[in-house]
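First up is the structure itself, then whatever we jot down about it.
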Amino acid sequence: MKIRVLIAAALAASGFSHAAQAQSLAELAAYSGPDREQKLLAGAKKEGELSIYTSAQSDDMGALVKAFETKYPGIKVTMWRSSSEKVLQRAVQEARANRNTMDVAETNGPELEAMHREKIVQKMTSPYLKDLIPQAVLPHGEWTGTRLNVFVQAYNTKAVKKEELPKKWEDLADPKWKGKLGIEQEDSDWLAGQYAEMGPQKAEQVFKDIVAKAGISVRKGHTLLTQLVASGEIPLALTVYNYKAEQLKNKGAPIDWFTIGPAIARPNGIAVSNKAPHPHAAVLFYDFEISPEGQGVLAKRDFVPTSKKVDTPLNKIPMKFVDSRVQLDEFQKWEKLYADIFTKAR
């Protein structure tokens, strides 16, 4: 279900019967005393549980959860994983029904921004916010960027020689690439970034030329697309996340990644439900994920963390950021344009 449909299921402003809990969560989220961690941990151990809704791959989020549980024994974390759209859908539906089972949402920026607009997440403060890049800290404070989705191009090193890689987008309109290109099905935010970088007229013409002259295979899911590059079924993909290509490369797969122009980047992040059933554990996990320790775990999984205190070669490339707020506002426009260029034209 698309974001625009989910937004239509807006929450009723009334019916919130957990005022005492909300006040407690708000106080925890805003608390800045030197004993913040100890205060949160004491309460979290009494709660004993934490529920995370996430769109991250289970092994990736599992590594972060394992590190959290190791540091804070006695807190059992339960993960529910699905697509970012379904994470949003379930969070909104449960909040509307006053079924409070989600503590933390960890998913894509536009979906988290939608949760903010539906008034189901809590404004947060943290001693670690100052360590994050500016694009990770939203003015409203109700979700925070924890890692970057960096769109890059990836190729199968057995099927494509490094010296043959395109230097500019126009190079992919050469018929020699016919039958060799792939793209993810729903990367309208990447397209929005390319339009901003190249200019609307040039970008539209370039990508229409690529599809017309070389064709393109459209696949659902970035993990699948990256795996198809590694297998050789799709020799070169236009939109993969650099962390996923790096993961497969480090496992010995014949895959590498590069960029044509600046890479388009968008934050993924974390939000705490304003009706979190385990508020201490939720705020504790929020702090942990954006701390240098939690960000280091993400970096070891080849993610691009948002903390300036965690170094990784994956962020040493030129990047252009797309704003999740603008992307949400203009979703229908970019979804239609993306479909017109890449899916309907095949």
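Checking the stated criteria, Lys123 turns out not to satisfy the condition of being within 28 Å of Asn242 (Cβ to Cβ) and either more than 19 Å from the chain's Cα centre (by Cα) or surrounded by fewer than 21 Cβ atoms within 10 Å (Cβ to Cβ) (or both). Residues that are closer than 17 Å to Leu64 by Cα and of a type in the set (A, V, I, L, M, F, W, C) number at least 3 in the following helices (runs of 4 or more DSSP H) confined to the range 269-346: 279-290, 292-300.
State which residue is surrounded by the fewest Cβ atoms within 10 Å (Cβ to Cβ) when the search covers only the range 289-304 and only residues that are within 18 Å of the chain's Cα centre (by Cα) and more than 13 Å from Ala63 (Cβ to Cβ).
Taking the range 289-304 first, the residues within 18 Å of the chain's Cα centre (by Cα) are 289-291, 294-304.
Among the residues that remain, those that are also more than 13 Å from Ala63 (Cβ to Cβ) are: 290-291, 304.
Working: Ile290: 29, Ser291: 19, Val304: 25.
Out of the qualifying residues, it is Ser291.
Residues in the range 44-93 that are touching a His at 6+ places or on another chain (Cβ under 9 Å) and part of a loop (DSSP other than H, G, I, E, B) were compared, and the one that is nearest to Pro277 (Cα to Cα) is Gly48.
Could we say that Val240 is under 23 Å from Glu113 (Cα atoms), at pLDDT 95 or above and within 18 Å of the chain's Cα centre (by Cα) here? The answer is yes for Val240.
Apart from one condition, Thr101 fits all of (1) within 26 Å of His140 (Cα to Cα); (2) at pLDDT 95 or above; (3) buried (at least 18 other Cβ atoms within 10 Å of the Cβ); the exception is (3).
Taking each residue of the range 196-222 that is farther than 15 Å from Leu236 by Cα and in the same structural domain as Leu337 (by TED's automatic domain parsing) and looking for partners that are among the acidic types (Asp, Glu) and assigned to a helix (DSSP H, G or I) with beta-carbon atoms closer than 8 Å, six or more apart or interchain, yields Ala203/Glu197; Val206/Glu170; Asp209/Glu170.
From Ala136, Ala173, Ala159, Ala154, grab the single residue that is modelled with pLDDT of 95 or more and under 16 Å from the mean Cα position of the chain (by Cα). Reasoning before the result, please.
On the way: Ala173 fails: under 16 Å from the mean Cα position of the chain (by Cα); Ala159 fails: under 16 Å from the mean Cα position of the chain (by Cα); Ala154 fails: under 16 Å from the mean Cα position of the chain (by Cα).
Only one candidate qualifies: Ala136.
The values are calculated or read from the model by the stated rules, or taken from the named source; none is laboratory data. Treat the numbers as computed from the prediction; the structure is a model and nothing was measured. Every residue, glycine as well, gets a Cβ built from its backbone with ideal geometry; the counts of neighbours run over all protein chains shown.
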